[in-house]
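Q: Dropping a structure here in structure tokens format, bear with me for questions.
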Amino acid sequence: MGTVAIITEYNPFHNGHLYHLKKAKELSKAGSLIVIMNGNFVQRGEPALLDKWQRARMALANGADLVIELPLIYGIRSAEYFARGAVTIMEKSNIVDSIVFGSELGKIEPLQEIARILVDHNQELQEKIQEGLASGKSFPLARETALKSYLEANPDNVSFPVGELLAILSEPNNILAIEYLKSLREIQSAITPYTIKRIGSGYHEKKLEGKYASATAIRELVYKGEVDKIKAYLPEESYQILLNAIEQGLAPADLDSFSLLLITSIRRLNIKKLGEFAELDNGLERRIYREAHHTADFKNLVQKIKTRAYTWTRIQRNLLHIFFNLREEDFQLLDRCGPQYIRVLGIRKERTDLLSKLNENASLPVIISPAAYLREIDLESQDPLIKSLSYDILASDIYSLLYKNLACRQGHLDFTKALIKY
């Protein structure tokens, strides 16, 4: 039997994720399930609610067989880079046969049609997208406008009504699904894609209703200290892991401390230096510089910087790039080289055979302990493996400062944490 992969964040693992996991096994008929999961910072540009080890434990407790960490350099980027990093790791594992992802649409063919157009007509569409960006549109709107222009000019080149395809681009999970399919097409992967319809509350919904609540609503209640209200929306194993983490002072991440660390990293820089970071142009670097000297709160800072052209999540990611000192030249080097390793965070005790299979077949180094590759971080390294792994370790070192328990705010946890066996 084959192996299916899920790309996710589990921030935290809730009932909707359990449904996805079970449907992935059912659709793919796979005997093994691998999770590729963000580390300590997530794609929306924030610290995760719980650290990567706690979230990996949640995944294993609910049926995952193996958990792989998505490197930070992909995990805190736009959907295109997030998907490309995860799909490439999946491909280079050489043991994954299928991928299952959620979408608001729930049908694979129209998503594949959009992915095909975006890949096969990339240059033509990019010119239109750049025109849209220059006119002040956000990237999502500029791409939608470019795609609409293409579809209307080439109706015979598509198999679905133009309006139906354009409507797909208005939903966040559809957009991410298209990026997964684009990445598979670009690398000519033989991995079979499936999609399941996203159920329950919307991605940003803050109300608790029915059986399935959004991760956003769940996180807000945890941060308010109202953990008892979310019990029905998490599998029992996830809820207990969350409770234990809270009792130990390991969750939730201290956002006030994060705000101060972030603002400090910005105030150290002048406008010229800010302009060296990816996507900081057209005056955005000046907005960040000005507002960072008028507030000491992360959320308030993002709200003041945000405009019609710059979405909330994009701003948060831009600020994280500054926070980690990830400049345009760093991304260029790492993007050119692609993923350099497969970092395993955890495995089910009875599935060590899957880890052996990964070690035998992967075309990238399989890393359990970073100490086999480096003893201290080297962010200036021109070796892409060392550089990328250094950022993952730095992310853990910084995240530990967000633990409530002062005694747990240790560095180098990536060197001391054992492989999770659940």
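Q: Going through segment 63-94 one residue at a time, which ones are in contact with a Leu (Cβ under 8 Å, 6 or more places away or on another chain), buried (at least 19 other Cβ atoms within 10 Å of the Cβ) and in a loop (DSSP other than H, G, I, E, B)?
A: The answer is ALA64, ASP65, PRO71, ILE76.
Q: Take the residues in segment 1-38 that are touching a strand residue (DSSP E or B) at 6+ places or on another chain (Cβ under 7 Å) and among the basic types (Lys, Arg); name whichever of them is farthest from ALA190 (Cα to Cα).
A: Of everything passing the filter in segment 1-38, LYS23 is farthest from ALA190 (Cα to Cα).
Q: Scan segment 287-298 for residues that are more than 22 Å from SER78 (Cβ to Cβ) and of a type in the set (Lys, Arg) and jot them down.
A: ARG290
Q: Considering ARG287, ARG343, which residue is charged (D, E, K, R) and within 21 Å of ASN38 (Cβ to Cβ)?
A: ARG343
Q: Return the only residue of PHE101, PHE160 being touching a residue at least 24 places away in the same chain (Cβ under 8 Å), among the aromatic types (Phe, Trp, Tyr) and buried (at least 18 other Cβ atoms within 10 Å of the Cβ). Walk me through it before giving the result.
A: Details: PHE160 fails: buried (at least 18 other Cβ atoms within 10 Å of the Cβ).
That would be PHE101, the only listed residue that is touching a residue at least 24 places away in the same chain (Cβ under 8 Å), among the aromatic types (Phe, Trp, Tyr) and buried (at least 18 other Cβ atoms within 10 Å of the Cβ).
Q: Determine which member of the set LEU280, LEU250, LEU261, LEU319 is within 18 Å of TYR399 (Cα to Cα), in a loop (DSSP other than H, G, I, E, B) and out of contact with any strand residue (DSSP E or B) (no Cβ under 6 Å at 6 or more places or on another chain).
A: LEU250
Q: Kindly indicate whether any position in segment 224-235 is in contact with a helix residue (DSSP H, G or I) (Cβ under 6 Å, 6 or more places away or on another chain), among the acidic types (Asp, Glu), more than 27 Å from ILE89 (Cβ to Cβ) and outside any helix (DSSP H, G or I).
A: no
Q: Mind checking which pairs have a first residue in segment 332-344 that is in a helix (DSSP H, G or I) and a second that is of a type outside the set (Gly, Ala, Ser) and surrounded by 15 or more Cβ atoms within 10 Å (Cβ to Cβ), Cβ under 6 Å, 6 or more apart or different chains?
A: If the second residue must be of a type outside the set (Gly, Ala, Ser) and surrounded by 15 or more Cβ atoms within 10 Å (Cβ to Cβ), the pairs left are LEU334/ILE73; LEU334/PRO384; CYS337/PRO384.
Q: Further question: Pick from segment 166-203 the residues that are at pLDDT 95 or above and in a loop (DSSP other than H, G, I, E, B): which of them is surrounded by the fewest Cβ atoms within 10 Å (Cβ to Cβ)?
A: Among residues in segment 166-203 that are at pLDDT 95 or above and in a loop (DSSP other than H, G, I, E, B), the one surrounded by the fewest Cβ atoms within 10 Å (Cβ to Cβ) is GLN188.
Q: Take PHE101 and decide whether it is assigned by TED's automatic domain parsing to the domain that holds SER356 and among the aromatic types (Phe, Trp, Tyr).
A: yes
Q: Test ALA418 against the criterion of being closer than 22 Å to LEU60 by Cα and outside any strand (DSSP E or B), and give yes or no.
A: yes
The values are calculated or read from the model by the stated rules, or taken from the named source; none is laboratory data. All figures in this text were calculated on a predicted structure; none of them were measured in a lab. Heads up, the Cβs are rebuilt from the backbone with ideal geometry, glycines too, and the neighbour counts pull from every protein chain shown.
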